[in-house]
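The values are calculated or read from the model by the stated rules, or taken from the named source; none is laboratory data. This one's a predicted model, so the numbers in the text were calculated from it and none came from an experiment. A quick note on method: Cβ atoms are made from the backbone with ideal geometry, for glycine too, and the neighbour counts reach across all protein chains shown. These area figures cover heavy atoms from the full protein model, side chains too; ligands, DNA and RNA do not enter into them. Shrake-Rupley method; radii C 1.70, N 1.55, O 1.52, S 1.80 Å.
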Amino acid sequence: SVEEDDFGVHLQLDFSTEVFGLPFRGDLGVRYVETEMASTGIQVIAGANVPVVAQRSYSDTLPAVNLVLEPFSDFLVRASYSQVMSRPSLGSLTPGGSINGFAVPPTVSFGNPYLDPFRADAYDLSFEWYYASGALVSLALFKKEIDSFTVSTRVSMPWSEIGLPDSLLDQVPAGPDDIFDVRSITNGDGGDLDGFEIQWQQPFNFFGEGNWYNNFGLLANYTNVSSEVNYGTPAAPLIRDLNGLSEESYNATLYYDDQTLMIRLSYAYRDQYQRAATSRAGNDLDWTEEMESLDMSASYRLNRNFKFSFEALNLTDEVKIDRMDSVAGRMENSLGAGMQFYLGVQYTY
C-alpha cells in the first residue's frame, strides 16, 4: 500500500496596464507544496517474507509568470515561464514487487518508494493572430529543461540470479531455469525538450456571410518536438529521446455546423516514438511505428429535448505495431481494434 498526504498553498497577482501605449496584462504567482509519503510492501529477505515500510517527504517552491502583449488589434504575443512538478504514480512507489510467470518472457517487476517527482523549467512563447471572426493562425515555441524524471529499466537474467525463492514460482508455468525480464523504476538524470506548433483555424467565410458554405470550416495543427534525456547516469550516460514522444504529429478536421446539424471528419498522424530506452538482451530499445487515423462524428438536434449522435472511429482500420531494436526492427506486438461505431441519444429536460 502507498499513503500520500499533499499540502499546497499559492499566491497570484493579476495585472493589466499599458507599455508604450500597448495593452499589456498577465499574472505572477508562486505555489508551495509539501508531500509526505509512506509505502508498505513485502520483500523476500533470506527466504522470508519481511514487511518493509519506507517513509519520505519533500517540498517544492514553484514560481510562474504569464505575460500577454497586444502590439496591434487582434494580435497577441504570449510569454510564460514556470517551474513545474508532477509526482510519480502511486503504483510505482511500493517497495514490493510482482511476478508474471505467464508472460513471454516471464517478468519480475519492482517498485521504488524513493522515486523523485518529475521536475522541469518550462518556457513558452506564442504569436496569435485572430484575423477574422472565428479564425486564428498561431505559432508557439516551447522548451522544457527537465531536472528529474522516472526511468524504467529492464534487464534479462536467470531466475537464480534475481535472489527470490523458487517457491514463488509454484503457481505459475515458469521455472527456476527460465530467463526473466526484470523491470524496475529509478530516478533519471534529466535532459531537454524543445519544439514548435503551428495552428490554423478557418471558418469558410472568405466572401462574406450568408453563403451556403459559411457553416463549413477547417482546424489544423502541426507539431515538431525534439528531446535528449539521459536514461543512464552522469558517469555512464545513455542519451535518447523521451519515451512516448513523436518528433512529428499533425491533425486536421473538416467540419460543418449550423447549430442543428454538426459533422466532423478528423485525420490524425503521429511519427514513430520510443516506448522504452532499454529493451531485452540483443535489442537496444523498444519503439512503436508511425500511426494515422481517420474518424468521423455527427450530431443532430431534433428539438430542445432530443439530440442524436453518431461516431465512427478508425475508419481506415489502422493497426498499432510495436517493435524492438532500432536497427533490426523486430516485431513485438501487433494490435488492431478494428473500426468502431457508436450511436447515441441525449434527452434534456
* Could you tell me whether any residue of the stretch 45-65 is of a type outside the set (Ser, Thr, Tyr), more than 30 Å from Thr186 (Cα to Cα), more than 26 Å from the chain's Cα centre (by Cα) and outside any strand (DSSP E or B)? => no
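Examine the stretch 264-273 for a residue that is assigned to a strand (DSSP E or B), acidic (Asp, Glu) and either closer than 30 Å to Gly232 by Cα or open to solvent by 60 Å² or more (accessible area, probe 1.4 Å) (or both), and state whether such a residue exists.
no
For every residue, the table says whether it meets (1) β-branched (Val, Ile, Thr); (2) free of Cβ contacts under 8 Å to residues at least 40 places away in the same chain; (3) farther than 23 Å from Glu292 by Cα; (4) touching a helix residue (DSSP H, G or I) at 6+ places or on another chain (Cβ under 7 Å).
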{"site": "Phe308", "(1), (2), (3), (4)": "no, yes, yes, no"}
{"site": "Glu311", "(1), (2), (3), (4)": "no, yes, no, no"}
{"site": "Thr316", "(1), (2), (3), (4)": "yes, yes, no, no"}
{"site": "Val319", "(1), (2), (3), (4)": "yes, yes, no, no"}
{"site": "Gly338", "(1), (2), (3), (4)": "no, yes, no, no"}
query = Based on what the data block shows, is Pro113 part of a loop (DSSP other than H, G, I, E, B), more than 22 Å from Leu67 (Cα to Cα), open to solvent by less than 30 Å² (accessible area, probe 1.4 Å) and at pLDDT 85 or above?
reply = yes
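Across the stretch 294-307, which residue is nearest to Arg270 (Cα to Cα) among those that are among the hydrophobic types (A, V, I, L, M, F, W, C) and surrounded by 14 or more Cβ atoms within 10 Å (Cβ to Cβ)?
Leu294
hydroxyl-bearing (Ser, Thr, Tyr), closer than 29 Å to Gly195 by Cβ and exposed (fewer than 13 other Cβ atoms within 10 Å of the Cβ) - does that describe any residue in the stretch 308-329?
yes
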Cβ pairs under 6 Å, 6+ apart or interchain, first in the stretch 119-136 and surrounded by 14 or more Cβ atoms within 10 Å (Cβ to Cβ), second outside any strand (DSSP E or B) and among the acidic types (Asp, Glu), ordered by first then second residue, are Tyr130/Asp74
Within the stretch 137-156, restricting to residues that are in a strand (DSSP E or B) and open to solvent by less than 20 Å² (accessible area, probe 1.4 Å), the one that is nearest to Ser39 (Cα to Cα) is Val151
How many residues of the stretch 31-79 are open to solvent by 40 Å² or more (accessible area, probe 1.4 Å), closer than 19 Å to Gly111 by Cα and touching a residue at least 12 places away in the same chain (Cβ under 8 Å)? The answer is 8
Of the residues in the stretch 175-231, those that are more than 30 Å from Gly96 (Cα to Cα), open to solvent by 30 Å² or more (accessible area, probe 1.4 Å) and hydrophobic (A, V, I, L, M, F, W, C) come to Phe196, Ile198, Trp200, Phe204, Phe206, Phe207, Trp212, Phe216, Leu218, Leu219
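Can you confirm whether Asn243 is open to solvent by less than 40 Å² (accessible area, probe 1.4 Å) and closer than 30 Å to Gly188 by Cα? Steps first, answer last, please.
Values: open to solvent by less than 40 Å² (accessible area, probe 1.4 Å): no; closer than 30 Å to Gly188 by Cα: yes.
So Asn243 does not fit the description; no.
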Condition set of a type in the set (Phe, Trp, Tyr) and in contact with a Ser or Thr (Cβ under 9 Å, 6 or more places away or on another chain), scope the stretch 1-40, selection nearest to Arg78 (Cα to Cα): answer is Phe24
Taking the stretch 95-110 and keeping only residues that are part of a strand (DSSP E or B) and either farther than 23 Å from Thr40 by Cβ or not hydroxyl-bearing (Ser, Thr, Tyr) (or both), one is left with Gly97, Ile99, Asn100, Val108, Phe110
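Per-residue answers, yes or no, for (1) over 30 Å from Arg154 (Cβ atoms); (2) assigned to a strand (DSSP E or B):
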{"residue": "Val182", "(1), (2)": "no, yes"}
{"residue": "Thr186", "(1), (2)": "no, yes"}
{"residue": "Asp189", "(1), (2)": "no, no"}
{"residue": "Glu197", "(1), (2)": "yes, yes"}
{"residue": "Glu209", "(1), (2)": "yes, no"}
{"residue": "Thr233", "(1), (2)": "no, no"}
{"residue": "Leu242", "(1), (2)": "no, no"}
{"residue": "Ser249", "(1), (2)": "no, yes"}
{"residue": "Leu254", "(1), (2)": "yes, yes"}
Filter the stretch 159-173 for residues that are touching a residue at least 60 places away in the same chain (Cβ under 8 Å) and either in contact with a Leu (Cβ under 7 Å, 6 or more places away or on another chain) or in a helix (DSSP H, G or I) (or both); the one that is farthest from Gly101 (Cα to Cα) is Leu168
Filtering the stretch 277-293 down to residues that are open to solvent by less than 50 Å² (accessible area, probe 1.4 Å) and not in a loop (DSSP other than H, G, I, E, B) yields Asp286, Trp287, Thr288, Ser293
Of the residues in the stretch 63-83, those that are touching an Asp or Glu at 6+ places or on another chain (Cβ under 8 Å) and either aromatic (Phe, Trp, Tyr) or farther than 13 Å from Gly26 by Cβ (or both) number 3
